[in-house]
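Undergrad: Handing you this structure, nothing more for now.
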Amino acid sequence: MLKKYPEISLKLSKITAIITPIGLAVVVGFLFDWLNFPVGWLLGPMIAGIIYAIIKNKPQPLPPSIIMVGKAIIGIATAFRFSPETISVVATYAIPVVVSIALTAALSILKGYLLSLWSGISRSTGFLASIPGTASAIVAMSEELGADPITVAILQYLRLLLVVFIVPTATIFFFPTIDQTQNPSFLLPSSDTTISIFWNLLLIAGCCFLGIWAGKLLRLPSSAFLGSFLVGLIVLWEMPDQLQVPLWLFDIGLLLVGLFIGVQFDWENARKLWKAVLIEIGLVISLIIGCFIVGYEFHNFTNVDLITSLLSFTPGGLEAMIATVNELGGDAGLVLAIQLTRMLAIILIGPGLITIIVKQIKLTNVISE
C-alpha cells in the first residue's frame, strides 16, 4: 500500500528513525536512573545511542533541533541556579583560575603530541583532536588547518563520550562523601512561587525558543545552551513570580543531549583507526586524571567545594558537566563561568596556537634533515 505513496513512506521512515532511538533511550534512561547511576538520564541515553548506531553499522544523526532543545533546557536550568555571587568569586580567584586553565591546556597539547607520535596521524590532526570543548567547531575548521576532518571528528567525539561517561562516575566513586541525598521535584523550589504549572512551562518553552534564536543570532559557541542561559538570567531578574524547572523536564534535556552524542558514534571508521582509538582512550583517561589533579589543587588553594573544583576543569562536555554539578549539588554558576572562560580561550587562541606549533615542528624537522 505504502509503495504507491513514496512520499508518505519516506516520511514514515524518517519519523521511525527518530522515534526508535528515542524510545530506546527512554528505556535505558529509566534503567540507569533506577540503578542510581550518576546523571543516569544523560549516560543511559548516550549508551543507547551508541548501541543503536552500532546496530545500524553507521552514525544515525538526529535532527539538529533535538540537541538544541536539550541544550536549551539545560541552559535555562543553569540560569535558575546561577548566583550573582559567582562573578565576584571568579574575580577573586582570577589568578588560580587562569593558571589552572593554562595547566589543563598544556596537558591537552601534550596529549595531542603523544597521540600523533604514537599513532602515526599528522601533528595537526593529533592536536585538533585533543582540543577540549566545541567539538563541532573544531571539526569544521580542521580541513583548512591541514588536518584529516574524519579522524578529528572520530577522536573528538570519542573524547567527548569518554569524558561524559567517566567523569560523573569517577567523581562519585572516588569522592563518595559528596552529598547526593537531594532529589527535589524542582531544581529551584520556592515557596514564593504563585504562577501555575501551565504558565510556568509555557514561559520556559518561550525562554528556550528565544534563547535558541538569540544564540544563533549572536553566533555564540554552544548557541542553544548559552542563548537560553542568558535569556533565563534576564527572565529571573525581571519576573515578579519565580519560575521553576521540574526535574522531569531537566531529565528530558539530559536525554536529548546524551542520545544526540551517542548516535554519532562511527563504529566502522573507528575500526579502521583502531590503533589511534586505543591510544586515544588511554590518553583521554590520563588527561582526565591530570585535570582532576588540577581541580583538586584548585580546591585546596581556594577552598571552593570539591565537586565544583573537579568539574570546572574537565576536558570538555560543557553541558554534561553542568548537568552533573546541578545533580550533585555544586556551584553550577562557577563551573559554567570557568568552563566558558576555557571555551572562549580555546576558540580565540586554539587554532592559531596549533598552527604555530605545527609550523614550528615542521621547521625543526627540516633543519634537522
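The values are calculated or read from the model by the stated rules, or taken from the named source; none is laboratory data. This structure is a prediction, so every number in the text was calculated from the model and none was measured. Every residue, glycine as well, gets a Cβ built from its backbone with ideal geometry; the counts of neighbours run over all protein chains shown.
Undergrad: Considering only the range 208-223, I want to know if a residue exists there that is under 19 Å from the mean Cα position of the chain (by Cα), under 18 Å from ALA332 (Cβ atoms), of a type in the set (A, V, I, L, M, F, W, C) and part of a helix (DSSP H, G or I).
TA: yes
Undergrad: Going by the structure shown, is ILE54 touching a Phe, Trp or Tyr at 6+ places or on another chain (Cβ under 9 Å), part of a helix (DSSP H, G or I) and surrounded by fewer than 19 Cβ atoms within 10 Å (Cβ to Cβ)?
TA: Yes; evaluated as a whole, the condition is true for this residue.
Undergrad: Can you name every residue in the range 283-334 that is of a type in the set (Phe, Trp, Tyr) and touching a residue at least 40 places away in the same chain (Cβ under 8 Å)? Full working, then the answer.
TA: Just the residues of the range 283-334 that are of a type in the set (Phe, Trp, Tyr), to begin with: 292, 296, 298, 301, 313.
Residues satisfying the conditions are PHE292, PHE298, PHE301, PHE313.
Undergrad: For residues that are among the hydrophobic types (A, V, I, L, M, F, W, C), surrounded by fewer than 16 Cβ atoms within 10 Å (Cβ to Cβ) and over 15 Å from ALA77 (Cα atoms), tally how many sit in the range 208-257.
TA: Summing the residues that are among the hydrophobic types (A, V, I, L, M, F, W, C), surrounded by fewer than 16 Cβ atoms within 10 Å (Cβ to Cβ) and over 15 Å from ALA77 (Cα atoms) in the range 208-257 gives 4.
Undergrad: Then there's this: Of the residues LEU230, LEU249, LEU259, which is modelled with pLDDT of 85 or more and touching a Pro at 6+ places or on another chain (Cβ under 8 Å)?
TA: None of the other options fit; the residue is LEU259.
Undergrad: Filter the range 224-247 down to residues that are without any contact (Cβ under 8 Å) to a residue 12 or more places away in the chain and assigned to a helix (DSSP H, G or I) and give me whichever is farthest from ARG159 (Cα to Cα).
TA: GLU238
Undergrad: Return the pair list, or none, for Cβ contacts closer than 6 Å from residues in the range 106-130 that are among the hydrophobic types (A, V, I, L, M, F, W, C) to residues that are surrounded by 23 or more Cβ atoms within 10 Å (Cβ to Cβ) and not in a helix (DSSP H, G or I), at least 6 apart or on different chains.
TA: LEU128/ALA147
Undergrad: While we're looking at this one, here's another question. Can you say whether LEU128 is surrounded by fewer than 22 Cβ atoms within 10 Å (Cβ to Cβ), touching a helix residue (DSSP H, G or I) at 6+ places or on another chain (Cβ under 6 Å) and under 14 Å from PRO315 (Cα atoms), as far as the supplied structure shows?
TA: Values: surrounded by fewer than 22 Cβ atoms within 10 Å (Cβ to Cβ): no; touching a helix residue (DSSP H, G or I) at 6+ places or on another chain (Cβ under 6 Å): yes; under 14 Å from PRO315 (Cα atoms): yes.
So LEU128 fails the test.
Undergrad: Sticking with this structure for a sec: Give just the number: which of (1) within 29 Å of PHE173 (Cα to Cα); (2) crowded, with 17+ Cβ neighbours inside 10 Å; (3) among the hydrophobic types (A, V, I, L, M, F, W, C) does ILE66 not satisfy?
TA: Status for ILE66: all satisfied but (1).
For every residue, the table says whether it meets (1) modelled with pLDDT under 90; (2) in a loop (DSSP other than H, G, I, E, B); (3) under 27 Å from ILE289 (Cα atoms).
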| residue | (1), (2), (3) |
| --- | --- |
| GLY44 | yes, no, yes |
| PRO59 | yes, yes, no |
| ILE67 | yes, no, no |
| LYS71 | yes, no, yes |
| SER88 | yes, no, no |
| PRO96 | no, no, yes |
| VAL99 | no, no, yes |
| ALA105 | yes, no, yes |
| LYS111 | no, no, yes |
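Undergrad: Follow-up question, since we're still on this one. Which residue pairs have Cβ atoms under 7 Å apart, sit 6 or more places apart or on different chains, and have a first residue in the range 53-79 that is among the charged types (D, E, K, R) and a second that is in a helix (DSSP H, G or I)?
TA: Within 7 Å, the pairs are LYS58/GLU268; LYS71/ALA224; LYS71/PHE225; LYS71/VAL257; LYS71/GLU319.
Undergrad: Looking only at the range 287-311, count every residue that is over 17 Å from ARG159 (Cα atoms) and either of a type outside the set (A, V, I, L, M) or at pLDDT 90 or above (or both) and tell me the total.
TA: 14
Undergrad: Moving on to the next point. Pick out the one residue from THR177, THR171, THR151 that is over 14 Å from the mean Cα position of the chain (by Cα), closer than 16 Å to VAL277 by Cβ and either assigned to a helix (DSSP H, G or I) or at pLDDT below 85 (or both).
TA: It is THR151.
Undergrad: Hey, another quick one. Here is a list of conditions, (1) outside any helix (DSSP H, G or I); (2) modelled with pLDDT of 75 or more; (3) surrounded by 13 or more Cβ atoms within 10 Å (Cβ to Cβ), and PRO38 meets all of them except one; can you say which number that is?
TA: Result: PRO38 passes all but (2).
Undergrad: From the set of residues in the range 287-313 that are polar (S, T, N, Q) and in contact with a helix residue (DSSP H, G or I) (Cβ under 6 Å, 6 or more places away or on another chain), which is surrounded by the fewest Cβ atoms within 10 Å (Cβ to Cβ)?
TA: By that ranking, first place goes to THR302.
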